[in-house]
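K.L.:
One structure, as structure tokens, below. Some questions next.
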Amino acid sequence: MRIRNIGILAHVDAGKTTLTERILYVTGATHRRGEVHEGTTVTDFDPQERDRGITIFAAAVSCDWAGYRLNLIDTPGHVDFSDEVERSLRVLDGAVAVFDGVAGVEPQSESVWRQADRHGVPRIAFVNKLDRPGADFAAAVESIRDRLGVVPLAVQVPIGSEQHFTGVVDLVTMRALTWVDGQLQEQPADAAEFGAARRRLEEAVAELHAAALEELGAMSEHTLRTALRELTLRGDAVVVLCGSAYRDKGVEPLLDAVVAYLPDPAGDPGADLAALVFKVHAARPARLTYLRVHDGTLRRGDVVWDSDSGRSERVARILRVQADRHTDIASAVAGDIVAVAGIKTARAGTTLSTRRNPVLRKAPRSADPLVSVA
Ligand code: GDP
């Protein structure tokens, strides 16, 4: 199964928790709908977090979409926890930056964006809360250009606004997507009405991507998608989508965009093991060590060396964390993110390996977009 390791980056209150909940719901990872104000959300499972109403501790949860395993790595949205943001950015391959449709880019979204820049994390953007009074997609897109200094490529046009926001026109597929009671309905978009918007998107893409220029005027969906992917991986532009997490609008096309535009993980399953610990959760009954396998394959029962302490420990269980439950798995290959039980002392930031002196290499990042498209 192919993998996307992604984080959701957001200013506190932009709707990251709600969006994460909706992703888990839409992908079938949860069957109950968590509500932030009821304190029942899956990702904010620490009581301290619930009390403070902000996401303090990172957690990684897995779900499946369109033949891909999505590992969602929670990243704190509060500047006070910037060490933890840094650590989570090291294990991500890509991110969804969430903005408030009324406020647009806010100071904290700007600082998290800069951190992601330093780590070279390819991003797509989601302008949330389009159902709110005063929400303005076009203005939010312009604030991305002005405040983040990156070329925004809006691949959707909202249908209706504020309380009448009902869906989006996807300019890549030229389909109109609407949600009625959370159910997605799809039909061809009116070419006469949305042809000009599609043409403007093609022109913006062609300006940045020479290969796309050749098809200007009759750009195929494939060409547009490939060009958008390459621009995203290079960081030359950011694809912008929109919706309302709270009203269950826009989540499915966002997941399609995660699969289409964000990178595949790199790493060699046949190499010696190198796994980065990015989070330790001292939860009962077992201490869980969240790690990313950068290279090699981690197997249940392996004895691993902790590069910080020099100690060796045995991997008793490997767990895939799926929202509110854990599934035991026998092994995890390069690129995957899992939790391990049985490791007693390893701390966040250390590397685990099956050799005493591991060769640590920097996590490779989407160097060649064409390789990952294959
Ligand atoms: P976080 O701090 O980024 O995790 O944001 P939350 O998911 O906790 O959301 C903050 C507040 O915004 C909560 O009261 C949510 O119910 C609300 N909210 C989230 N998404 C939307 C949305 O799409 N529309 C509206 N109107 N409110 C939303």
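No lab work stands behind these numbers, since they all come straight from the coordinates. These figures come from a predicted structure and were not determined experimentally. Cβ atoms come from the backbone with ideal geometry, glycine included; neighbour counts cover every protein chain shown.
K.L.:
Which net charge results when you count Lys and Arg as +1 and Asp and Glu as -1 among the other residues whose beta-carbon is under 13 Å from that of Val239?
P.N.:
Here the count lands on 0.
K.L.:
Give the aspartates and glutamates whose C-alpha is closer than 12 Å to that of Lys279, dropping any in the same chain fewer than 8 places away, or say none.
P.N.:
Answer for Lys279, where 12 Å is the Cα cut-off: Asp74, Asp83, Glu84, Glu86, listed by chain and number.
K.L.:
What FRET efficiency comes out for Asp181 versus Arg300 if R0 is 56 angstrom and r is the Cβ-Cβ distance? Round to the nearest 0.05.
P.N.:
0.85
K.L.:
Okay, next question. Could the peptides 7-20, 308-321 be put in order, highest first, of the mean number of other beta-carbon atoms found within 10 Å of their residues?
P.N.:
Result, highest mean Cβ count within 10 Å first: 7-20, 308-321.
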